[in-house]
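Structure, as structure tokens:
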Amino acid sequence: MFHFDRIQQKIFVIMGILILILSGILIFREYNYRGRLSADLSGTSPQIWENPGIVPSNKPAEEQPGKQVRSGETERQIIKVYITGKVKNPGVITMYEGDRVDDAIKLAGGALPDADLSRINLAMKVQDEDMYYVPGIGEEIPDEILLPGSQQSAGSKVNINKADQAQLETLPGIGPAKAQKIIEYREKHGGFKTIEEIMNVSGIGEKTYEALKDQIDIR
């Protein structure tokens, strides 16, 4: 038989108590962990991916890299215009219907340093097959050359198939309402075939025609 003195007996008792305490702590932690894990799993619904191996992105389509989003786009007719004068690369350029004179100048490489842009209307819409001239500072422009957006020069005529509303309003007897009717008529009928056809426009009779016939053409 083993005999232990009082000190040894106390040591064994203390060690036993410590072992019991540590065992209780470990059991409590294990029980608590299992309880929390069970609660988490019960409140979570699994995510199903139809294509395994591809993680779905939370970003909307328009924010995903490499994806192009097309919205609000409309098809526009391609046209060709001739731009010359004080531009870096004069010549025939391809544009879209509805583009402006300012766009044409940029496509021609930009204006030269001695160009006088104050004499032309940069906001004017370009027309298919038209010529646009960018004048120089102090340059005298021949009568046959019409600057973009300027009033008609003496001896020049208004092309009623291509003129915008402002140009049409320079004609005698043509105000905003009649100018708009001329534009609507040519769009509906594919343009004027003769200058006399302008009398088919509502509000334009023989008297008005006689006053403007020498100032219009259909080129």
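Worth pointing out:
- For the range 159-214, trypsin sites (Lys or Arg not before Pro) meeting the loop criterion (DSSP other than H, G, I, E, B) and having at most 14 other Cβ atoms within 10 Å: 193.
- Amide H contacts for residue 134 (H built 1.01 Å from N in the peptide plane; partners 5 or more residues away or on another chain; cut-off under 5 Å): 84, 85, 86.
- Amide H within-cut-off set for residue 159, under 5 Å, with H built and near neighbours excluded: 217
- Report note on the peptides 95-103, 8-16, 194-202: ranked by the mean count of other C-beta atoms within 10 Å, highest first, their order is 95-103, 194-202, 8-16.
- Working from Cα pairs under 8 Å separated by at least six residues, relative contact order for the range 157-219 is 45 percent.
- Listed values for the range 85-102 are Karplus-derived 3J(HN,Hα) couplings in whole Hz (6.51 cos²θ - 1.76 cosθ + 1.60, θ = phi - 60°), namely x, 7, 10, 5, 10, x, x, 7, 10, 9, 9, 9, 4, x, 5, 10, 4, 4, and x replaces Gly and Pro.
A short reminder: the numbers here are calculations on the coordinates, not readings from a lab. Every value quoted in this text rests on a predicted model; they were computed, and no experiment measured them. Cβ: placed from backbone, ideal geometry, glycine included. Neighbour counts: every protein chain shown.
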